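These notes are about the structure you will find just below.
The values are calculated or read from the model by the stated rules, or taken from the named source; none is laboratory data. Since the structure is predicted, the reported quantities are computational estimates derived from the model, not experimental observations. Here the Cβ positions follow ideal geometry from the backbone for every residue, glycine too, while neighbour counts run over all protein chains shown. We work out accessible area using only protein heavy atoms, side chains counted, and drop any ligands, DNA or RNA first. Shrake-Rupley method; radii C 1.70, N 1.55, O 1.52, S 1.80 Å.
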Amino acid sequence: MTPAPSKQREMEQEAQSSQSSEAAAKAVLLEECEEQFGLLQKLQNEIILADTEANDDQSNEAVNRLIAVTSELEQWQEMEPKLLTTSPEVLLAVGKEELQRLNNQLKMVLSCSQAKLDAQKKILKREQTWQAEKKEALNAVCEKITRLQRENEKSEHSVLQDMKRKINNLKDYHGSLMEMLSDMLAEHFPLPDPHGNGTKKKRAAAYDAEINLISLSEIIERLTNKTLETPHDPYVTTDDTFWPPYTEMLLRNGIATRHPEDCNKIRLENFLDRKILNYNICIRSMLSSGLR
């Protein structure tokens, strides 16, 4: 049951022997390197001495040196490199050291690459998050634009419908007002009796039965239509169909006015200009009273 300690001792002896062999191989390699370095120094010294003993003809020397260097370069290119030593122990030790150095360099490259990869992953994750946020914002904006367009279309449609409804209401209201006005005028301002029956005042206003008088409502309608259709020439020519009492009533109550040059023409009073005139008169009176 004692083979285990013996194996351990054998392993320790092998490790010591390998370490001693590596040290010896390094020593041998160093000796060969020193020999080669000494040879290199010797060659360099010979080159320096050759330079000091150069002739005066510099051009010939430069040409000769160029030829020599060219031939030496060709020899070195054709020559295969030789190992400094052929000892397997030395080559094994040098190979182990070179592989260890290369392994350390590759580890450093791997760590740098891993760090760059991690940084790129973080940047990619941040960019993906930013892209997702931008997509959400874009979708929200698109939805809002669509909603606003729908609301705008609905609002335009509703405004149009509301305007049509108001116009119809105004037309109905205008029609009802015109009917009420026509009924009121027909009731309170009827056409005169063609036979002159009644009081003395009414008999004085009697007229020829052959003339077809128009009602007060029709007179006001003609004046209104003329003012709206031709505002530059709003006057209507009165004829026998206009009953004079109704014409005088319109003139005296400020509803109509005569033409300044033709007394047979009347027009509807411009109530807007009258309102502006009354407003100016009121303002002037207020200013004059304030100055006083």
Q) Does the stretch 148-165 contain any residue that is closer than 30 Å to Ser217 by Cα and out of contact with any His (no Cβ under 9 Å at 6 or more places or on another chain)? A) yes
(Q) Looking at the structure I just gave you, is Arg258 modelled with pLDDT of 85 or more and surrounded by 14 or more Cβ atoms within 10 Å (Cβ to Cβ)? (A) yes
**Q.** the stretch 27-64, residues that are open to solvent by 90 Å² or more (accessible area, probe 1.4 Å), among the charged types (D, E, K, R) and at pLDDT 75 or above
**A.** Glu31, Glu34, Glu35, Lys42, Glu46
Q.
Just to be sure before I move on: is Thr237 open to solvent by 60 Å² or more (accessible area, probe 1.4 Å) and modelled with pLDDT of 85 or more in the structure I sent?
A. yes
Q: Could you give me the residue pairs with C-beta distances under 8 Å whose first residue belongs to the stretch 89-104 and is within 20 Å of Val28 (Cβ to Cβ), whose second residue is open to solvent by less than 100 Å² (accessible area, probe 1.4 Å) and outside any helix (DSSP H, G or I) wherever it lies, and which are 6+ apart or on separate chains?
A: Leu91/Thr85
Q. Within the stretch 148-167, can one find any residue that is surrounded by 10 or more Cβ atoms within 10 Å (Cβ to Cβ) and touching a Leu at 6+ places or on another chain (Cβ under 7 Å)?
A. no
Q. Which number in (1) surrounded by 15 or more Cβ atoms within 10 Å (Cβ to Cβ); (2) at pLDDT 85 or above marks the one condition that Glu248 misses?
A. (1)
Q: Could you tell me whether Ser182 is at pLDDT below 85, open to solvent by less than 90 Å² (accessible area, probe 1.4 Å), assigned to a helix (DSSP H, G or I) and more than 19 Å from Leu216 (Cβ to Cβ)?
A: no
Q: Only residues in the stretch 215-227 that are outside any helix (DSSP H, G or I) count as the first member; pair them with residues that are acidic (Asp, Glu) and surrounded by fewer than 16 Cβ atoms within 10 Å (Cβ to Cβ), Cβ under 8 angstrom, at least 6 apart or cross-chain, and list the lot.
A: none
Q) Of the residues that sit in the stretch 91-150 and are under 30 Å from Glu32 (Cβ atoms) and among the basic types (Lys, Arg), which one is modelled with the highest pLDDT? A) Arg101
